Structures are given as structure tokens and as C-alpha cells.
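Read through the structure below, which is laid out as C-alpha cells, and then see the notes.
Nothing in this text is a laboratory measurement; each read-out follows from the coordinates by a stated rule. This one's a predicted model, so the numbers in the text were calculated from it and none came from an experiment. Because the Cβ atoms are built from the backbone with ideal geometry, glycine has one as well, and the counts that use them run over all protein chains shown.
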Amino acid sequence: MGKGYAFGFMIVVLVVLLGLYVAFTGFMSTREALRAQATPVPTSQLGQATRVATQGTPTPTATQMMLPSYIPLITDTVTATPTLPPTPEPSATPQPARPSSTPRPAKPPVSMPTATPASAWTYRVVPGSMRPDPSRSGGSYIFGTVRDANGNLLEGIRVQASNQWETQSAVTKGGAEMGWYDIGIYLDKGTYTVTLVDAAGSQISSQAVVNFDRSVAGWYQVDWQRIN
């Protein structure tokens, strides 16, 4: 295709140059004729000029040029470009559904401890028996007696006194001191909770709160009696 364009271009250039040459030649011939007419002829030569004029001025003849026949220019061949099908856009990947929140199990209701009624205990504090006894001397104790429902002194019943730092206990005695107990106290001042417990350590009586103060008395008495 490049050679065809070059060949066609050369032919066009040659035609243009040939046309220019013909035009230039005609122009030069006309110029020479005009110059000859404008130049005065001497008298001595008038007759000669007349003769020359009689003979006639040669008329320039146009040179017949053979123009090349029309050569069709080489045109570009338009090649149809196939239309590409549209590229399908990738569809969005479906996102997995988020798991629903797992319901939290409801917290079980917290049961508040309720006070055990006095009738549920096996033993109770004898009313009016809780008191300091300044008549006793020597040491610091919580002491007293344990009796059955008929008022008989009982042997082998465990009594327990505790505070936030320690727990002390004693068992009621037999023999000459039948039914009596005494628990040693090692603080000069403090609050103790006193109860009766069984062999497994479970509480079997109501509570007695003793505000121990050695400056008041060294011995504090608490007596117990079986309810049924």
C-alpha cells in the first residue's frame, strides 16, 4: 500500500511540473512578441521591415501536450473492525448472612437468705441469761449452761463463738460441772457470735451476739435450752 501511494504521488508531481512548463513557455513566447512590437524600426530598415512585415509575423503555435489519462488514486481499504461483545461485569459475591446474636441465658434469680424462724432451731437462748459477770475473775471467757426442754443439764453439746478473725469452741462438761461450758477469749474487746452446732458443724440454735469488753468484765454468760 505504501508503494502505491508513492507511485500516485510521483504521477501527480509530474503532471504539475508539466503544466508549469507549458505555462512558462507560453509566457516567454508572449513576452518576446510584445518586446518585438515595442522596439522602433530605423527608417533605413523600414523597407526591409516592410518586407518582413509583408511576409507576416510568424504566429506562435501552441505545443500540444499529451496529458496523461486519469489515473485513479489508490484509496485506503477500510477494514471493518469486528465489534467486541461487552465484557460482562462480575456480579457481586453475596455476603454470608451475619449470625444472629445468641440470646444470653437469663441469670437465675439470686435467692436471698431468709431468717430461720426460731421454731426451726433445736435450741434457743434462755431469755435474760446474756450478761457480763464481773464477780468472776481470772481470764476472759464466754460461758454458760445447756439444758434440755425439762431443764436438765446436758453433756457433750458443742458451743461455738466466732468473730471476723477467729472461731473458738467448747463442749459442755460432765460430772460435777455437768452442762457447763467456757470458751477462752483472746481479745480485750470485740463482737462475738455464739451458736450451738452438731457433730458436723451445722448450726442447731439461734444466735447470740456478745459485745465483749474486758474493761467491763472478763466473763460473759449465755445459757441455752432445748426447745422440743
Could you compute the net charge surrounding Pro134? Neighbours are other residues with a C-beta less than 13 Å from the C-beta of Pro134; K and R count +1, D and E count -1. +1
So what does the Cα-only Debye profile of segment 155-221 read at q = 0.23, 0.28 Å⁻¹, as log10 I(q)/I(0), no solvent term? -1.04, -1.29
Debye intensity ratio in log₁₀ form over the Cα atoms of segment 116-186, taken at each q of 0.25, 0.26 Å⁻¹: -1.34, -1.36
Write out the chymotrypsin sites (Phe, Trp or Tyr not before Pro) in segment 172-221 meeting two conditions: DSSP loop, and at most 12 other Cβ atoms within 10 Å of their Cβ. Tyr186
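Among the trypsin sites (Lys or Arg not before Pro) within segment 143-193, which fall in a DSSP loop and have no more than 11 other Cβ atoms within 10 Å of their own Cβ?
Qualifying residues, ordered by number: none.
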The answer for Ser169, listing residues at least 5 apart or on another chain whose modeled amide H is closer than 5 Å to its amide H, is Ala161
List the residues whose amide H sits under 5 Å from the amide H of Tyr141, counting only those 5 or more places along or on another chain, with H placed 1.01 Å from N in the peptide plane. Ile185, Trp219, Tyr220
